[in-house]
Amino acid sequence: MNRSENMRRIRSKDMRPELAVRSLAHKLGYRFRLHRKDLPGKPDLVFVSQRKVIFVHGCFWHSHQGCKSAHIPKSNLSYWKPKLERNQARDAMSLEKLSRDGWKCLIIWECETKDEVWAGKRIRNFLRK
């Protein structure tokens, strides 16, 4: 199996951290849309009436600064470094476009979903403002 076949097998939605955030938001009484393709970056959760979105980012794929899961692989550095940098640039551009269009954005990192109480507070505080 070559690299592109491996990459295709990686899902971009319905991963465990995203499901955890969706469950928390639902338990808090919020209703949302998923993966709106018409919005930059296809946010994971979209709260249309509040014009707010939540992205659930994998620490490795989106290069979470200071997180032990966000390492650059030692092998094939010429592939991974530009790949992860492109992901970060795309994320920044999506956030900028959403902000320009009047959307408020929250990023919840994969490692943050492991503490359900803390993640729930972040979601509640973001959606109450």
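Each value in this text was obtained by applying a stated rule to the coordinates, not by laboratory testing. The structure presented is a predicted model; accordingly, all values stated were derived computationally and were not measured. Virtual Cβ from ideal backbone geometry, glycine too; neighbours counted across all protein chains shown.
Taking amide H atoms as placed 1.01 Å from N in the peptide plane, list the residues 5 or more away in sequence, or in a different chain, whose amide H sits under 5 Å from that of Tyr30.
none
Could you derive backbone 3J(HN,Hα) for the stretch 56-69 from the dihedral phi with the Karplus parameters 6.51, -1.76 and 1.60 (θ = phi - 60°), listing whole Hz in sequence and x where the residue is Gly or Pro?
Working through the residues one at a time gives 10, 9, x, 4, 5, 5, 10, 6, 5, 4, x, 9, 5, 7 Hz.
Toward the positive end of the charge dipole of the chain, about the Cα centre and with charges on Cβ (Lys, Arg +1; Asp, Glu -1), which of His64, Leu84, Trp118 goes farthest?
Trp118
Quick check: the angle from helix 16-27's long axis to the longest principal axis of the chain, C-alpha only, nearest 10 degrees?
So the inclination is approximately 0 degrees.
Please determine, in degrees from 0 to 90 and to the nearest 10, the orientation of helix 77-100 with respect to the longest principal axis defined by the Cα atoms of the chain, where the helix direction is its Cα long axis.
In the chain, helix 77-100 runs at an angle near 20 degrees to the longest axis.
Would you mind checking the tilt of helix 116-128 against the longest principal axis of the Cα atoms of the chain, expressed as 0 to 90 degrees and rounded to 10?
60 degrees
What size of dipole, in debye to the nearest 20, comes out for the chain about its Cα centre when the only charges are +1 on Lys and Arg C-beta atoms and -1 on Asp and Glu C-beta atoms? Spell out each step's value before the answer.
Numbers: 30 positive and 13 negative charges, 54 e Å.
Roughly 260 debye for the chain.
Could you pull out the pairs from Lys13/Lys37; Lys13/Lys74; Lys68/Lys114; Lys37/Lys81; Lys52/Lys114; Lys13/Lys81 whose alpha carbons sit more than 19 Å apart here?
Long pairs (Cα-Cα over 19 Å): Lys13/Lys74; Lys37/Lys81; Lys52/Lys114; Lys13/Lys81.
Lys52's amide H: which non-local residues (gap 5+, or another chain) put their own amide H closer than 5 Å, with H modeled 1.01 Å from N in plane and none for Pro or chain starts?
For Lys52, the qualifying residues are Phe47, Lys104.
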